[in-house]
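Please read the structure below before turning to the comments.
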Amino acid sequence: MICRHRRLYLPLQIALRVASCAAVLFVAGCDKPAAPPPPPPPEVSVIKVEVRDTPVTAEYVALTQSPQQVNIVARVAGFLDKQAYTEGSVVKAGQVLFQMDTKPFIVQLDAANASRASAKAAHDTALANLKRVKPLVELNALSQKDLDDAIGQEQTTNSSLEQAGAGVANAKLNLSYTTIASPLNGVAAAAQQKVGAYLSTQNNMLTTVSSLNPMWVNFSISENELTGLRNEMRVGRLRGPSNDKYTAEIVLVDGSTFSHSGTISFVDPAYNSQTGTFLIRVTLPNPQGELRPNQYVKVRLKGAIRPNAILVPQRSVQQGSKGHFVWVIDQDGKVENRPVAVGDWYGDQWFINDGLKAGDQVVVDGALRLKAGATARVVAAAPAASAASAAPAASAAQP
């Protein structure tokens with residue numbers, strides 16, 4: 001009897017314990033979890049807008065040009081005997097470049113001298129005869145006709161003498177033309193005719209000499225660009241140097257700056273109808289001949305200023321469906337989406353023409369996590385490096 005009751009008690013006890021555990025789990029499952037803490041405000045780096053006069057420069061692709069490019073030609077016909085210079089070398093004014101065969105011209109000079117000597121002898125005879133006739137006519141020993149004949153003969157022989165003298169001068173000139181020298185300091189191009197060639201009016205081109213110092217550098221500004229620059233100056237966003245005296249630096253193909261600077265020396269009075277551009281020329285010293293004609297370089301014009309300019313880093317400016325904008329932090333630490341009117345680039349920064357004022361805090365980094373009206377934790381951005389490149393400056397081409 002006792003065993004039977006014990007067998008019934010044990011299953012009942014196990015069932016009660018299971019029910020108790022289930023109740024505990026049920027009650028524990030009904031408790032609500034604690035809400036997570038709100039995320040901290042996003043951290044952004046900002047810069048404080050400053051207004052200051054900013055010098056700007058402009059870079060244009062340019063082409064060098066020699067101020068003097070002289071074609072060296074043979075002035076007389078004959079055989080080319082010698083080439084006296086190294087092609088592509090720098091030559092001095094008066095340096096001999098070519099020598100022609102002089103023998104035919106020496107013969108011509110000898111013949112001219114002989115003709116002059118004959119004419120002089122005839123003139124001397126006519127002059128002596130005139131001197132004898134004059135006193136005899138005064139004594140009525142000879143007629144007036146004899147005197148007129150003597151005077152006429154003297155004048156005729158004198159003309160022949162002068163003509164023979166001109167023949168000698170021409171022969172000397174032709175002989176001098178056989179020695180062909182450079183008329184200026186410069187670099188000599190390749191020879192167009194070889195030694196032994198017969199030079200005539202059909203093939204008298206020998207070479208070209210181009211002066212190197214000073215050097216011209218030509219570049220062009222499009223009509224649209226020039227109009228934009230004038231508009232910038234009219235509204236006061238751009239100011240040129242006094243008397244439009246821009247300083248022109250030359251940037252070589254390797255990025256280095258040429259050792260000498262120049263100034264604008266010529267502005268084309270008219271646009272090129274084919275390209276719609278406006279030609280400007282810079283003249284600068286080139287004493288060592290480093291710059292050569294037809295060399296591509298860049299012209300960097302200095303002297304213009306953007307007064308009261310506002311600059312912000314390029315990465316702080318974003319573009320939306322309504323145009324460019326920046327994120328601004330107000331005095332309460334709230335984020336504001338501020339539309340701006342952008343100007344030109346200045347190195348890694350951007351000119352802001354409208355939309356910002358001095359003292360505004362512009363977000364530089366961390367803008368992707370922002371939304372209007374939100375709160376942000378502000379840290380100062382690293383100072384921007386000074387920019388060497390520039391937005392287009394006012395052109396000196398003021399027609």
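The numbers here are math on the coordinates, done by the rules we state, and not lab data. Note that the structure is a prediction, hence the values are computed from the model and not measured. So basically every Cβ, Gly included, is an ideal-geometry build from the backbone, and we count neighbours across all protein chains shown.
For the reader, a short list of remarks on this structure follows.
- Remark on Tyr346: its backbone amide H falls under 5 Å from those of Phe351, a criterion applied only to residues 5 or more positions apart or on other chains, H modelled at 1.01 Å from N.
- Annotation: the residues Ile310, Ile72, Ile106, sorted from fewest to most other C-beta atoms within 10 Å of their own C-beta, follow the order Ile106, Ile72, Ile310.
- Against the empirical curve 2.2 N^0.38 Å, the C-alpha radius of gyration of the chain lands at a ratio of 2.22.
- Counting charges near Ser265 (Lys, Arg +1; Asp, Glu -1) among other residues having Cβ under 13 Å from its Cβ returns a value of 0.
- Set of aspartates and glutamates near Lys131 by C-alpha distance (under 16 Å), chain-local residues within fewer than 8 positions excluded: Asp146, Asp148, Asp149, Glu154
- Under 16 Å from the Val195 label point (7 Å along Cα→beta-carbon), backbone N, the stretch 72-93: 79-87
- Mean sequence separation of contacting Cα pairs (under 8 Å, at least six apart), scaled by the length of the stretch 243-304, corresponds to a relative contact order of 43 percent.
- Relative packing of peptides 300-306, 91-97 - highest average C-beta neighbours within 10 Å first: 300-306, 91-97
- Around the Cα centre of the chain, unit charges on the Cβ atoms of Lys, Arg, Asp and Glu (plus for the first two, minus for the last two) sum to a dipole of about 2340 debye.
- In percent, rounded to a whole number, the relative contact order of the chain is 27, using alpha-carbon pairs under 8 Å and six or more apart.
- Measuring nothing but how far apart in sequence close Cα pairs (under 8 Å, 6+ apart) lie, relative to its length, the stretch 105-177 scores a relative contact order of 53 percent.
- Max mean-square fluctuation residue, GNM over the chain, Cα-Cα springs under 10 Å, options Gln274, Gln65, Gln108: Gln274
- Formal net charge of residues neighbouring Val362 (Cβ-Cβ distance under 13 Å; K, R +1; D, E -1): -1
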